[in-house]
Amino acid sequence: MLPKNRLLRFCLIIILGQVIIPGISQEERVSISGFGEFTYTSTFGDPVDEDAAEVYEDFGLLKEYSEARNDLVFPGFGLVIASNLANDKLTLLTEINFKSLHNDIDVGIERCFLNYSINNLFNIRAGIYSTPFGSLNRVQRVHGFLSNSVKPRDMVNLELGLIPARIFGIELHGSTDFNAANIGYAVSLGSGRGLTPEQSPFEVDVFEEQESSLSISGALEFIVPFGDNELMIGLSGFSVPKMESIYIDSLGKEIEQADIDEIMEEGEEDGGAAAEPDEEFDAESMELAERGFAPYLKLSFGKIDIIAELHITQMEGEDDPVDGYEFDYTGFSGEISYKTSLLEKQFVPYARFDMIELSDNENPYLGLHLRNSELKRYYTSNNSVIMIGASWSVFSFNKIKLEYNYVMEGAQPQHAILFQSAFMF
């Protein structure tokens, strides 16, 4: 049975057409690849922040973040289908994720977009794709094989939703040479935030009453070669002028999904968010605006690679009950790696530092999640971690990684050892 969401239904039909329509499924016109990983994690030691750990135990979103554990996890795999529809001018890319959740398989569409190439300077992308905010969100968010390190970056974790990571819209992108440098750009207009931070663009039916908010985002990159080395500097940002959601005043409170539409309608009747919490639901609608800025760089200097990315975002309350409030979030990830070889296979030792910091006034939006037909407010803690490890490319399709994590701040156990086998096919 096809899903009710018309956008998702349309995209599923397109995906089936990619594979089975005669003339498109020829080997030279369709490529299919995939990514996955097995990760073993062992944690030990007490949390650095005992208070945060206690709150997380009761109201945390991702329980494995605060609990000591020794487990092997297979989160699933991603399938990427790329089709050349018109002599490299028109291409279609679809990425389907098969996630393993509590012994069940959850199928979701990560990306699904058409790209039309006019020339190097002007290309048009339309559909669902990664928001051009920073670089990590576009190139290292999902699959372990694409990263040196084991631990996923929380700052681009879809489930945490700290930034609007995906967009349903249209994007103009391209690049041009300027003297010895190359300048690239991307400008996108489309969907913004949904009712909850992790909400997929597929879960927001733009043809129904509850429409997605609108956003504009973009990135500008400068790539400067010097000898055999290269420096890339990027500047990016986004703005969501208006986003509507539900205000739940305390951690752990929840409301039924069936009540959401009625609460939102009451807010609209009052010309915005409801002036007082509805006694029946103990919740009310809220309206926010959000903007963000993300500079990033990558330096390739001989065998040394350095990457760094900073996220700075701010939400502002536009009406009661959050009128006049500002909610800040800052995230950073920096990594240095050294490319060498072991038994004639690429071997990459690395060190990485990640940091997440949210404002003390507890952002009322970032903790919202809709699970089991209930909208609930969860707790997201500050976090900073140092990671040291190595990645060994045993085969062209497989990377073996070993990593040690030292938690400097947050609800997690202070120490962790991680082993991963990441593969592609």
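Could you tell me whether the stretch 377-384 includes any residue that is within 17 Å of residue 197 (Cα to Cα), surrounded by 14 or more Cβ atoms within 10 Å (Cβ to Cβ) and modelled with pLDDT of 95 or more?
Checked the stretch 377-384: no residue is within 17 Å of residue 197 (Cα to Cα), surrounded by 14 or more Cβ atoms within 10 Å (Cβ to Cβ) and modelled with pLDDT of 95 or more.
Just give me the residues in the stretch 146-188 being in a helix (DSSP H, G or I) and either more than 16 Å from the chain's Cα centre (by Cα) or surrounded by fewer than 22 Cβ atoms within 10 Å (Cβ to Cβ) (or both), in sequence order.
146, 154
Does residue 127 satisfy the condition of being under 17 Å from the mean Cα position of the chain (by Cα) and either at pLDDT 90 or above or part of a loop (DSSP other than H, G, I, E, B) (or both)?
Against the criterion (under 17 Å from the mean Cα position of the chain (by Cα) and either at pLDDT 90 or above or part of a loop (DSSP other than H, G, I, E, B) (or both)), residue 127 qualifies.
I need the strands (runs of 3 or more DSSP E) fully contained in the stretch 371-425, keeping only those with at least 1 residues that are hydroxyl-bearing (Ser, Thr, Tyr) and under 17 Å from residue 150 (Cα atoms).
383-395, 398-409, 413-424
Being in contact with a helix residue (DSSP H, G or I) (Cβ under 7 Å, 6 or more places away or on another chain), modelled with pLDDT of 95 or more and under 27 Å from residue 411 (Cβ atoms) is true for just one of 331, 389, 292. Which residue is that?
Just one listed residue meets the conditions, 331.
Out of 377, 352, report the one residue that is farther than 19 Å from residue 152 by Cα and in contact with a Ser or Thr (Cβ under 8 Å, 6 or more places away or on another chain).
Going through 377, 352 in turn, just one is farther than 19 Å from residue 152 by Cα and in contact with a Ser or Thr (Cβ under 8 Å, 6 or more places away or on another chain): 377.
Kindly provide the set of residues from the stretch 353-369 that are surrounded by fewer than 19 Cβ atoms within 10 Å (Cβ to Cβ) and touching a Leu at 6+ places or on another chain (Cβ under 9 Å), ordered by number.
Within the stretch 353-369, 362 is the sole residue that qualifies.
Only strands (runs of 3 or more DSSP E) wholly contained in the stretch 38-122 count here; list those with 2 or more residues that are surrounded by 13 or more Cβ atoms within 10 Å (Cβ to Cβ).
76-86, 90-101, 104-117
The values are calculated or read from the model by the stated rules, or taken from the named source; none is laboratory data. Source: prediction; values computed, not measured. Because the Cβ atoms are built from the backbone with ideal geometry, glycine has one as well, and the counts that use them run over all protein chains shown.
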